[in-house]
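The values are calculated or read from the model by the stated rules, or taken from the named source; none is laboratory data. The structure presented is a predicted model; accordingly, all values stated were derived computationally and were not measured. A quick note on method: Cβ atoms are made from the backbone with ideal geometry, for glycine too, and the neighbour counts reach across all protein chains shown.
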Amino acid sequence: MQQHNVIVLEGLDGAGTTTQSALLVANLQKMGVAVLALTQPSDGAIGKQLRSLLSGKVDNPKLLALMFAADRTAQWHEKIQPHLDAGGVVVCDRWVHSSLAYQGHNGMLDWVKTINHHIPAPGLTFYLDISPKQAKLRREGDKRDGELFDELSRQTTIYEHYKLAINWARSRGDALKVLDGMRPKSDLADEILSESKALIQS
């Protein structure tokens, strides 16, 4: 089941999902739209534990997948559904696609799908496509602290898994658009806003 007013930004670390999510939220707010801006991991109790594990480079795919699913479930019931019920729009930096890409390796793809099967599909997903090498250069330029998945070899694997996640989303009928993440920020923001407005007004 798709949730009409949920808009998601996806992509590798460094693809620009956080930047474009913030720009979309700001632009929608200027239009008077009641927007709830969220990230995954969340800022809740489970999300904070996840961030600690990732920064500490705890490499336990099954544990991380379960925690992301639990965090996503809590976020849905505590924040997303109430906001949608009140007529608002949700913009989220990452969704189930990330779990498939980051934890769906070594034969775990179907299992990750299963533990997230109760999470509704977004009304619209934007995947910002950027190569692992380009993403690495951006992360280095931002002087960001390293996390578990930041190694180039790991990001290359995740990039390939994102392709599987995209195919899975499309196969079940999700609305998903692949955008060139190397385009100027303003151009990307304009297209994302235009597509999002069309969704909200439909």
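Residue-by-condition table, conditions (1) surrounded by 15 or more Cβ atoms within 10 Å (Cβ to Cβ); (2) of a type in the set (Phe, Trp, Tyr); (3) under 16 Å from Gln2 (Cβ atoms):
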position: His117; (1), (2), (3): no, no, yes
position: Lys133; (1), (2), (3): no, no, no
position: Leu137; (1), (2), (3): no, no, no
position: Asp150; (1), (2), (3): yes, no, no
position: Leu164; (1), (2), (3): yes, no, no
position: Leu179; (1), (2), (3): yes, no, no
position: Leu199; (1), (2), (3): yes, no, yes
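Taking the stated definitions as given, is Gly87 surrounded by fewer than 17 Cβ atoms within 10 Å (Cβ to Cβ), part of a loop (DSSP other than H, G, I, E, B) and at pLDDT 95 or above? The answer is yes for Gly87. Taking region 67-88 as the range and being out of contact with any Leu (no Cβ under 8 Å at 6 or more places or on another chain), within 26 Å of Trp111 (Cβ to Cβ) and in contact (Cβ under 8 Å) with a residue 24 or more places away in the chain as the test, the residues that pass are Ala69, Ala70, Arg72, Thr73, Ala74, Trp76, Glu78. Taking every residue in region 43-54 that is under 17 Å from Cys92 (Cβ atoms) and pairing it with any residue that is outside any helix (DSSP H, G or I), at least 6 positions away or on another chain, the pairs with Cβ-Cβ distances below 6 Å are Gly47/Pro41; Leu50/Pro41; Arg51/Pro41. The set of residues in region 26-46 that are out of contact with any Gly (no Cβ under 9 Å at 6 or more places or on another chain), buried (at least 18 other Cβ atoms within 10 Å of the Cβ) and in a strand (DSSP E or B) contains only Leu38. I'd like to know if region 48-71 contains one or more residues that are assigned to a loop (DSSP other than H, G, I, E, B), modelled with pLDDT under 95 and hydrophobic (A, V, I, L, M, F, W, C). Yes, region 48-71 contains a residue that is assigned to a loop (DSSP other than H, G, I, E, B), modelled with pLDDT under 95 and hydrophobic (A, V, I, L, M, F, W, C).
Selection over region 18-64 of residues that are closer than 20 Å to Gly104 by Cβ and acidic (Asp, Glu) gives a count of 1. Of the helices (runs of 4 or more DSSP H) lying entirely inside region 105-190, those carrying at least 2 residues that are free of Cβ contacts under 8 Å to residues at least 60 places away in the same chain, hydrophobic (A, V, I, L, M, F, W, C) and within 26 Å of Val90 (Cβ to Cβ) are 109-115.
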